[in-house]
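The values are calculated or read from the model by the stated rules, or taken from the named source; none is laboratory data. On a predicted model such as this, the values are computed, not experimentally measured, just so you know. FYI the Cβ positions are ideal-geometry reconstructions off the backbone, even for glycines, and counts take in every protein chain you see. Side chains included, ligands, DNA and RNA excluded: accessible areas come from the protein's heavy atoms. Shrake-Rupley method; radii C 1.70, N 1.55, O 1.52, S 1.80 Å.
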Amino acid sequence: MSDKRLRVVLPGLLMAMLLAMLDNVIVGTAMPRIVGDLGGVDHLSWVVTAYVLGSTVSTPIWGKLGDLYGRKTVFLTSIVLFLLGSVLCGFAQDMPQLIGFRAFQGLGAGGLMVGAMAVLGELVSPRERGKYQGQFAAVMAVAMVGGPLVGGFITDHADWRWAFFVNLPLGGAALALLALKLDMPKKRTEHRIDWLGAALLSAGVTALVLITTWGGNQYAWGSAQIAGLAALAVVSLAAFMVVERRHPEPILPLAIFRNRNFSLVAGIGFLVGFAMFGAITFLPLYQQIVQGASATNSGLLLLPMMGGLLVTSLVAGQMITKTGKYRIFPVIGGFVMIVAMVLLSRLDSDTSKTESAIYMAVLGLGMGFLMQTSMLIAQNSVELKDLGVASSTSTFARSIGGAFGVAAFGAIFNHRLHDLLAEKVGDQAADQLAGGGGGGASIGPATLGQLPAGVRTAVIDAIAGATSSVFLWAIAATVLVPLLAIFIREVALRGGPEAPTEQAESTLVAQEG
């Protein structure tokens, strides 16, 4: 596609990505109002879990459907499902309805990010795609910063239902623009959909997500419920691999993992998701409790991280387009992330906002070298017919890594928080404040001011210490990122002067590894 035509379509792709990133942040900010209206505080976590389940389970399926039936039709379908789910959520009358509609909305959300990246991957050659990395990084920055602001405004000045209705104008504009201006070939060949593989993958992923959500919180790690979910995950995923090897059109072709570059960036995506999303989940709590930021302003405090991400995404993208070389950027990004985690592990109750901003900016610099570059390498490592699967698998690996990271670091955070509180105020008070290690049940910005001065100081110190411990443990996962990146092969990007022909490329993809 020419640059002129692409500039017309690109805003629609960016708006679709923005929808996927904004929704959870806005809804999370509005949750207190939702619970106040609908009740069901005991089901609060399911509003988030249902959405995560829907989007995670459907991500690989959307990617394969795009490969089979054409990216435009499948992408537009995912937008329609997401918007329909948003409307249903906005009209929910009780908590069970909202949870069900959130799962439906998540099914559509699973196709938004994957669809946007796969469409761009088909319209723009990997060699030229680097020029657009900065714009996708900017969308992430807008979502991370704008989400809390929009959610806070809705919470303070409007009905909570607008947390869902706000998706309609943005999604409607994206849908109309892409329907009218996105010109992609339609596929008319007959296909056999791998329904059994899709069902087994969904069952296995659902079990994994529930393990990371419930383990150590709702159920003990050694409980029968967690053990049963673990058994379901193992059996489902083992059966899934058997089915995929035999099906003529598998939902996730296992052969793509024979490609060394693809397997490496999938592993890097998992580790980045594990270390980054798992660790930064606890930054807003640190900012609000220790640094005294409001819920809305905590989003603004992430600006340095987003600024760093934007800068290095732009630099890496332009350099890749200019030189065709990309192997060095994941290596640099991995080492910068290690430095960032070491710096963030120094957080304490005396760390100033300026210091923490510098630390987060360094983390953003590392992320910028990794996020879009790893997607570009994944897409360049497969044949064009598997572009959707490559995009969805890369996104899926990062999502699963994030889910495991949140669970693992959550356990570390809760355990360390309880121990630090017990040292200062005793075991009984620590149990009351930290919910017996169950996630800080009695600690929040609203309740902090009601505590006696000595206890309040102990809580602030404990939150800071627990946050520092999370980043200290994150170093172990981050160290593996550059070690994997070193083994990436510099394969010529499609669209460049040294790119292999389609026949040679197919042979390379089939035989590599």
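Computed about the Cα centre, the dipole magnitude for segment 1-123 is approximately 480 debye when only Lys and Arg (+1) and Asp and Glu (-1) carry charge, each at its Cβ.
Each Cα pair under 8 Å and six or more residues apart adds its sequence gap; the mean of these over the residue count of the chain is a relative contact order of 21 percent. Axis angle, to the nearest 10 degrees, between helix 387-425 and the longest C-alpha principal axis of the chain: 10 degrees. Once the gyration tensor of the Cα atoms in segment 42-151 is diagonalised, the equivalent ellipsoid follows with semi-axes of 28, 18, 11 Å, ordered largest first.
With only Cα atoms counted, segment 264-377 has Rg and Dmax values of 14.7, 46 Å.
Which lysines does Lys72 reach when only Cα atoms under 28 Å apart count, and residues fewer than 8 places away in its own chain are ignored? Leaving aside lysines fewer than 8 places away in the same chain, those within reach of Lys72 are Lys4, Lys64, Lys131, Lys181, Lys186, Lys187, Lys385.
In plain terms, if you count all Cα to Cα distances in segment 318-387 and split them into 10 Å steps from zero, the share in each step is 19, 37, 25, 14, 5, 0 percent.
How far, in degrees from 0 to 90, does helix 328-344 lean away from the longest principal axis of the Cα atoms of the chain, to the nearest 10? The answer is roughly 0 degrees. Residues Tyr132, Tyr286 ordered from highest to lowest accessible area at a 1.4 Å probe: Tyr132, Tyr286. Distance from the Cα centre of segment 360-407 to that of segment 204-252, in angstrom? Cα centroid of segment 360-407 versus Cα centroid of segment 204-252: 22 Å apart. Taking label points 7 Å from Cα along the Cα-to-Cβ direction, Ile193 and Lys424 give a separation of 5.5 nm. When Rg and Dmax of the Cα atoms in Å is calculated for this entry, the matching label among [x] 23.9, 74; [y] 22.6, 72; [z] 26.8, 86 is [y]. The trypsin sites (Lys or Arg not before Pro) of segment 113-187 that meet both conditions, a loop assignment by DSSP and at most 16 other Cβ atoms within 10 Å of the site Cβ, are Lys186, Lys187.
Computed from Cα positions, the angle between helix 3-38 and the longest principal axis of the chain comes to roughly 30 degrees. When the charge dipole of the chain is built from unit charges on Cβ atoms (+1 for Lys and Arg, -1 for Asp and Glu) and taken about the Cα centre, the candidate among Gly426, Leu88, Trp473 whose Cα reaches farthest toward its positive end is Leu88. Just the protein heavy atoms count here, and of the accessible area of the chain at 1.4 Å, carbon and sulfur take up 65 percent. Computed as a quarter of the hull surface, the mean projected area of the alpha carbon convex hull for segment 131-282 stands at 14.2 nm². Near Lys64, once Lys and Arg are set to +1 and Asp and Glu to -1 for all other residues with Cβ below 10 Å from its Cβ, the sum equals -4.
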